[in-house]
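**Student:** Here you go, one structure.
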Amino acid sequence: MASRIDVSIQHRGPEPEQERKHPNTCPSCHSHYKDEELEANLRVCPQCGHHFPVRARERVIQLADRGTFEEVDGDLRSADPLEFFDLRAYKERLAEAEVATGLGDAMIAGAAVIERRPCELAVMDFAFMGGSMGSAVGEKFVRASERAAARRVPLVCVTASGGARMQEGILSLMQLPKTVAAVDELREARAALISVMTHPTTAGVIASFASLGDVIVAEPGALLAFTGPRVVQQTVKGEKLPDDFGLAESNQRFGHVDAIIPRPELRPYLGRLLALFERNGG
Amino acid sequence: MAAERTQGAVEQLKLRERLAKLRDLPLLRGVGVSGEMARLQRQIDRIGAAPTEDEVWQEVELARHQDRPYTLDYVERMFEDFIELHGDRALTDDKAIVGGLGRFNGRTVALVGHQKARDIRERVDRNYGMAHPEGYRKAMRVMELADRHGFPFIALVDTLGAYPGVKAEQHGQGGWLARCQLQMIRLGIPTVSCIIGEGGSGGAVALAVADRVLMQENSIYSVITPEGCASILWRDAGEAKKAAAALKPDAAHCFQLGVVDAVVPEPPGGAHNDHDAAARLLAASLSEALRDVESLDPVERRRLRHRKFRDMGVFLE
């Protein structure tokens, strides 16, 4: 029984037996693109509409008005309070992730303007250790909430995460109530939280701040689940899971998200939302 | 190189500061049980020394021991009267979580807890203590009721995790775990949670956002099961023992990391050896923790609760 409960799905990575496809080859229609082509098309497949993953800095460029994003807490880094060592040391994994992604941890945050509306923007990056949430990500989210509350502007949060970061053990689980507490403060200040769930938003992140948005928006085809289909399939051996199990479309049908917004429409949609949340009609 | 050294020094400093703060925290203050002092000292000594891989694994096995008392075993021993409440008022009655009102130390308190079972049919009925969203909604309903009537709230945590099933997902498992935490952190009443066996991940913390979080000596509290962690990081669930040692889910470590406020002693050998004694020890710790937080002004209590969880974590900058 115990081995089935495996709610933190980070690092599962590609199946070893699966052949590695080029990141710019569409997994859905197999069209292949140059990087500039994909970037110009917001990393949406022009053929079939498949949404490729978007790195955090590129997401900021996609959403924020040009030159308005002012990053803060960029020096915040994960510590290694457990001196965690599996097949490799956590410190080593962190250093490698930082070199590979150019990011200090799996979230960047700062003040931004979206369609001329001021907000705080926090964006997760799946490329940094599966977008996992440890103490650094939790702290960044909390500070973004505190800034939004102080400025009385909405917090727009874009999630992409496998869940809590195992290498920080119980302290990473504590980031759930920590970020939940921050959302409560945000609510007390009557500042809105707009949660944009992108592929994948799972485990500890969907079980905390991501699900507490005043408005929850999802990208098409995103896996949004506490437990992903692979682990659920182990629990219900023999039972066939629905084709769209755990996906944004299923979540919408069951009433867990407000809207599924294709990426090209996301920025104007957020602009309209931010305008509606402005006090006295702005 | 220099930057690296500075970073290391800052890290050490922060950890030392945190440890210093932790040393000021009460460890089982005022538990009025004679003969416990020596055990307490041993416990404190053990917190000083790092448990070995085998010792950590022993805690995992004790936490999962099938004769370990479960929530209702404690309820019938600690409460003078208990009336169980059923249903989430929306869909069903999830028996993996029990809740109700009872008399504890002569006044009414509300309680919820995960409920495991020993008999195979009851185990299935209670889904091995792994709740669906409906169970967490039942817990939220009891919290709300307690808040409205001013009853102190106790939660006993004992679950491998929230249930990873088809319906659980379709019914919004992640969202309800989040809302349960949000509701709990907002409560105006005094709240105490205790991990009494397995504190498994999101399904556990959803009932543990309390003013005081206690942990029984032989319980575990973890972000993921050792087996789950081993299958991901070691790609082999058989390495669970190593994973457990790395995750440090035992009470001593959780206390050291500032995640729990006190460790509740168990009878010699573990709670499974003597349910009555285990219940007396748990009742004493719960009473003490409740007394502690009941003396606070409700607004201040909520502020401190927020502060406590807001400050969780260790990072560098």
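What follows draws every value from the coordinates through simple rules; no lab data is involved. As the structure is a computational prediction, the values presented were derived from the model and not from experiment. Cβ sites come from the backbone with ideal geometry, for glycine too, and all protein chains shown count toward neighbours.
**Student:** Report the net charge of residues surrounding B:LYS116, where surrounding means a beta-carbon distance below 13 angstrom and charges are Lys +1, Arg +1, Asp -1, Glu -1.
**Tutor:** Cβ neighbours under 13 Å give a net charge of -1.
**Student:** Would you mind checking B:LYS248/B:LYS308; A:LYS237/B:LYS241; A:LYS178/A:LYS237; A:LYS240/B:LYS308; A:LYS91/B:LYS95 for any pair whose Cα atoms are more than 32 angstrom apart?
**Tutor:** Among B:LYS248/B:LYS308; A:LYS237/B:LYS241; A:LYS178/A:LYS237; A:LYS240/B:LYS308; A:LYS91/B:LYS95, the Cα-Cα distance tops 32 Å for A:LYS178/A:LYS237; A:LYS240/B:LYS308; A:LYS91/B:LYS95.
**Student:** With charges only on Cβ, +1 for K and R and -1 for D and E, what is the dipole size of the stretch B:33-310 about its Cα centre, in debye, rounded to 20?
**Tutor:** With Lys and Arg at +1 and Asp and Glu at -1, about 960 debye.
**Student:** I would also like to ask the following. Using the count of nearby Cβ atoms within 10 Å as a rough guide to exposure, how do A:VAL123, B:VAL263 rank from fewest to most?
**Tutor:** B:VAL263, A:VAL123
**Student:** Rank the residues B:TRP234, B:TRP57 as a footprinting-exposure proxy: fewest other Cβ atoms within 10 Å of their Cβ go first.
**Tutor:** B:TRP234, B:TRP57
**Student:** For chain A, with a Gaussian network of springs between Cα atoms less than 10 Å apart, report the residue from A:GLY255, A:GLY49, A:GLY246 with the top mean-square fluctuation.
**Tutor:** Ranking A:GLY255, A:GLY49, A:GLY246 by mean-square fluctuation puts A:GLY255 first.
**Student:** Once every Cα of the protein assembly as shown carries one equal point scatterer and solvent is ignored, give the base-10 log of I(q)/I(0) from the Debye formula at q = 0.11, 0.12 Å⁻¹, two decimals.
**Tutor:** Treating every Cα as an identical point scatterer, log10 I(q)/I(0) equals -1.00, -1.20.
**Student:** Now for a different question. So which chymotrypsin sites (Phe, Trp or Tyr not before Pro) in the stretch A:82-121 end up in coil per DSSP with only 15 or fewer other C-beta atoms within 10 Å?
**Tutor:** none
**Student:** Still on this structure, please answer the following. Could you tally the net charge around B:LYS167, taking each other residue with its Cβ under 13 Å from the Cβ of B:LYS167, Lys/Arg +1 and Asp/Glu -1?
**Tutor:** Residues close to B:LYS167 contribute a combined charge of -4.
**Student:** Report the relative contact order of the stretch B:39-178, percent, no decimals, based on alpha-carbon pairs under 8 angstrom and at least 6 residues apart.
**Tutor:** 21
**Student:** Taking neighbour counts of Cβ atoms within 10 Å as a proxy for exposure, in what order, fewest first, do B:SER222, A:SER28, A:SER195, A:SER208 appear?
**Tutor:** Listed from fewest to most nearby Cβ atoms, that is A:SER28, A:SER195, B:SER222, A:SER208.
**Student:** Now a separate question. Kirkwood Rh over alpha-carbon pairs of the stretch B:33-310, then Stokes-Einstein at 20 °C and 1.002 mPa s: what D in µm² s⁻¹, rounded to an integer?
**Tutor:** Translational diffusion coefficient: 114 µm²/s.
**Student:** In the stretch A:185-282, which chymotrypsin sites (Phe, Trp or Tyr not before Pro) fall in coil by DSSP and have 14 or fewer other Cβ atoms within 10 Å?
**Tutor:** A:PHE254
**Student:** Can you give me the three principal axis dimensions of the stretch B:151-286 from its C-alpha atoms, in Å, biggest first?
**Tutor:** Its Cα atoms span 43, 36, 26 Å along the three principal axes.
**Student:** Please give me the summed charge of the neighbours of B:GLU134: other residues whose Cβ is under 12 Å from its Cβ, Lys and Arg +1, Asp and Glu -1.
**Tutor:** +3
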